[in-house]
Amino acid sequence: MRKHSSLYFGILAVVLAMVMIGTTVISAGAASNSISEEEINAIVNTTTDASQVTSPFIEVANNVRNSVVGVNNYTVTSPSYGFGFGYGYGYGNPQQEPRESLSGTGSGVVISNYGHVLTNYHVIEGSSRVTVTTALDESEHDAQVVGYDADLDIAVLLVPDLDLPAVPLGDSDQLQVGEYAIVIGNPLGEDFARTMTVGVVSALDRQVTDSTTDRYGRRTTITNTMIQVDAAINSGNSGGGMFNTLGQLQGIPARKYSSNGLFSASIDNIGMCIPVNVAKPLITEVLRDYNGDNVTRGTQAANGNEPTAPLYGKPRLGVTVGTLSNASRYGLPQGAVVKAVDAGSPAEEGGILPGDIIVEVDGNLISSTSALTSLLGNYQEGDEVSVKVYRDEALASQIDQDAWDMTDVGNGSYVDLTVTLRMVDDLNS
């Protein structure tokens with residue numbers, strides 16, 4: 001045992017000595033030598049031949065990034081009427097002018113050389129004005145909402161002055177699980193414009209169920225089929241592009257799952273995109289309706305409430321209306337509920353029925369009776385207006401009752417009508 005122990009310590013001493021000697025040699029070399037400028041230049045002053053760097057994403061980035069734009073949703077704050085009789089005549093704060101402010105931003109993709117931009121409906125929902133912003137020169141352009149489908153969560157804008165190339169549309173029915181998914185958009189706004197993230201197609205035909213509220217305040221439940229990807233999708237990416245390695249637009253990023261929502265478990269890299277083929281019918285319709293001679297060069301609100309004519313008197317629909325409280329609770333839209341229709345009135349001639357809920361007049365949202373009354377004051381006698389109503393037989397059957405049973409309502413549909421207004425001097429609608 002003693003011999004082995006002596007041998008072990010002898011070997012250890014030799015190893016330590018070698019380490020110490022090596023350290024001494026290195027230290028001496030460092031102390032005695034310096035690095036020449038030529039050697040420093042060889043280490044530091046290097047170049048990269050970008051043409052030799054390969055990636056399936058570089059060409060896609062170069063071809064389509066400039067065609068991804070920011071989409072800005074502006075809303076107008078309603079005037080404050082204070083307390084009392086309203087319209088500036090009661091007690092409290094005086095009437096204030098409406099103010100416009102930026103309420104949200106998203107992304108969009110140029111899909112035609114005429115200035116059509118594809119985005120999500122929820123990006124422009126509730127807007128009074130929509131604009132797009134280009135990343136190259138940071139210019140902002142007025143946009144017209146020329147088509148949308150709230151249930152599918154898609155919308156098409158027209159920006160006549162937009163001088164950007166259109167991206168090619170792919171065939172999302174040919175997507176394969178495992179192929180690259182290249183997402184480009186403006187997460188968190190213009191500060192991160194044209195951000196590219198890369199992942200793979202994780203799954204196809206995911207059934208995504210949402211409780212949504214349409215632009216008239218009616219809440220419904222819908223189920224859509226989406227593409228699951230693991231590329232990073234963040235707030236602001238909505239409406240942008242999900243491309244394949246050919247640079248074809250295959251999907252529209254619409255949402256991401258996070259631990260802050262309905263799920264308590266930790267969640268990473270689960271994003272959902274709307275297949276581009278779902279949007280093609282709307283795109284086709286919009287392109288067929290395009291007429292360059294009738295393009296408006298300027299702002300057209302998505303849900304605008306701009307006056308359409310000077311005030312010369314009070315036009316008459318010939319209806320008695322009221323406002324339904326908590327309409328969304330019953331699956332009904334907000335609007336002016338028609339309690340009665342006068343015989344021989346413009347409303348009767350136009351097809352408005354008791355129980356209808358007037359939700360829109362000439363593209364202007366009607367959220368209450370006062371909104372309808374105020375809007376009608378902007379028309380002249382003989383003006384023909386487009387009126388959209390929500391019609392529900394269960395509501396119509398009890399419109400003349402003192403108490404309503406709201407159990408079976410909420411299964412109606414929207415109806416488009418045309419009414420020719422006549423002027424009267426009283427204050428009836």
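The values are calculated or read from the model by the stated rules, or taken from the named source; none is laboratory data. Please read these numbers as outputs of a predicted model, since none were measured by experiment. With ideal geometry, Cβ positions are generated from the backbone for all residues, glycine too; neighbour counts draw on all protein chains shown. Heads up: the accessible areas ignore ligands, DNA and RNA and are worked out on the full protein's heavy atoms, side chains in. Shrake-Rupley method; radii C 1.70, N 1.55, O 1.52, S 1.80 Å.
Numbers below:
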item: Under 17 Å from residue 388, Cα to Cα: aspartates and glutamates that are on another chain or at least 8 residues apart; result: 149, 214, 348, 349, 356, 360, 362, 416
item: Other-chain or far-sequence residues with amide H under 5 Å of residue 200's (modelled H); result: 181, 230, 231
item: Computed label-point distance, nm, for sites residue 269 and residue 225 using a 7 Å Cα→Cβ extension; result: 2.6 nm
item: Residue-normalised accessible area of region 89-221, given per residue in Å² at a 1.4 Å probe; result: 49 Å²
item: Length gained when the stretch residue 139-residue 209 is fully extended (0.36 nm per residue, less Cα-Cα span); result: 21.5 nm
item: Cα gyration tensor, region 125-254 - rounded (a/c under 1.5), prolate or oblate; result: oblate
item: Efficiency of FRET between residue 288 and residue 33 - r from beta-carbon atoms, R0 56 angstrom, step 0.05; result: 0.10
